[in-house]
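Engineer: Once you've had a glance at the structure underneath, I'll fire off some questions.
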Amino acid sequence: MNSISIVGHIGTDAELRHTSTGAAVASFSLASNDGPKDKQRTVWFRVSVWRQLGETLAPYLTKGTLVMVVGSIDAEPRVWQTQSGEHRAGIDITAQRIRLLGGGQRDGQDMPTSLETTEEIPW
């Protein structure tokens with residue numbers, strides 16, 4: 001099994017949807033910075049959070065929130081070309097654990113400074 005741990009800021013509010021079988025999935029982008037401050041680059045990930053974990057955390061997974069994601073990398077990177085012709089690649093992660101590391105507000109309500117929950121994945 002592959003495993004990855006990423007700390008970064010959420011780039012887009014989580015989108016919660018349901019599959020045709022009724023399974024909930026929340027998806028969001030995550031930016032993680034790499035390298036020394038003067039030569040820092042940003043690596044983007046697409047994170048999917050399934051079932052109860054996704055439903056529970058979706059309201060807290062908002063743009064700018066600092067999170068730690070532990071999960072597995074999906075098989076192959078996504079590759080695409082931008083409108084300006086630049087080649088890009090993205091890595092998809094299926095989260096098994098998410099920890100909110102930063103506070104903030106959502107709809108005028110204080111968000112927790114630390115919230116962790118885990119989805120048990122049957123292998």
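Engineer: ³J(HN,Hα) across the range 39-55 via Karplus (A = 6.51, B = -1.76, C = 1.60, θ = phi - 60°), whole Hz, x for Gly/Pro?
Structural biologist: Computed from phi, the couplings for the range 39-55 are 10, 5, 10, 10, 10, 9, 10, 10, 10, 10, 10, 9, 6, 4, 4, x, 5 Hz.
Engineer: If you find the alpha carbon centre of the range 1-40 and of the range 54-89, how far apart are they in angstrom?
Structural biologist: Using only Cα atoms, the two centres lie 4 Å from each other.
Engineer: Now for a separate question. What percentage of the solvent-accessible surface of the range 1-83, computed with a 1.4 Å probe over protein heavy atoms, is contributed by carbon and sulfur atoms? Walk me through the intermediate numbers first.
Structural biologist: On the way: 2580 of 5040 Å².
C and S atoms contribute 51 percent here.
Engineer: Same structure again: Evaluate E = 1/(1 + (r/R0)^6) for GLU55 and LEU101, where r is the Cβ-Cβ distance and R0 equals 25 Å; express this FRET efficiency to the nearest 0.05.
Structural biologist: Given R0 = 25 Å and the Cβ-Cβ separation, E is 0.75.
Engineer: For the range 14-107, what is the charge dipole size about the Cα centre, in debye to the nearest 20, if Lys and Arg each add +1 at the Cβ and Asp and Glu each add -1 at the Cβ? Don't skip to the end; give the middle numbers.
Structural biologist: Values: 12 positive and 9 negative charges, 37 e Å.
In debye, rounded to 20, the range 14-107 gives about 180.
Engineer: Just in the range 1-110: which trypsin sites (Lys or Arg not before Pro) are loop by DSSP and have at most 15 other Cβ atoms within 10 Å?
Structural biologist: Details: sites: ARG17, LYS37, LYS39, ARG41, ARG46, ARG51, LYS63, ARG78, ARG88, ARG97, ARG99, ARG106; in loops: LYS63.
Filter output for the range 1-110: LYS63.
Engineer: Pull out the extension gain between THR21 and TRP44, defined as 0.36 nm times the separation in residues minus the alpha carbon to alpha carbon distance; nm, one decimal. Before the final figure, lay out each step's value.
Structural biologist: On the way: separation 23, 0.36 × 23 = 8.28 nm, distance 2.92 nm.
Taking 0.36 nm per residue and subtracting the Cα distance, the gain is 5.4 nm.
Engineer: In whole Hz and in residue order, list the ³J(HN,Hα) couplings for the range 75-86 that follow from phi through the Karplus curve 6.51 cos²θ - 1.76 cosθ + 1.60, θ = phi - 60°; x for Gly and Pro.
Structural biologist: Rounded to whole hertz, the list is 3, 10, x, 7, 10, 8, 10, 6, 4, 8, x, 7.
The values are calculated or read from the model by the stated rules, or taken from the named source; none is laboratory data. Please read all numbers here as calculations on a predicted model, not as lab measurements. Reconstructed Cβ throughout: ideal geometry from the backbone, glycine too, with neighbour counts over all protein chains shown. These accessible areas exclude ligands, DNA and RNA; they are computed on the full protein's heavy atoms, side chains included. Shrake-Rupley method; radii C 1.70, N 1.55, O 1.52, S 1.80 Å.
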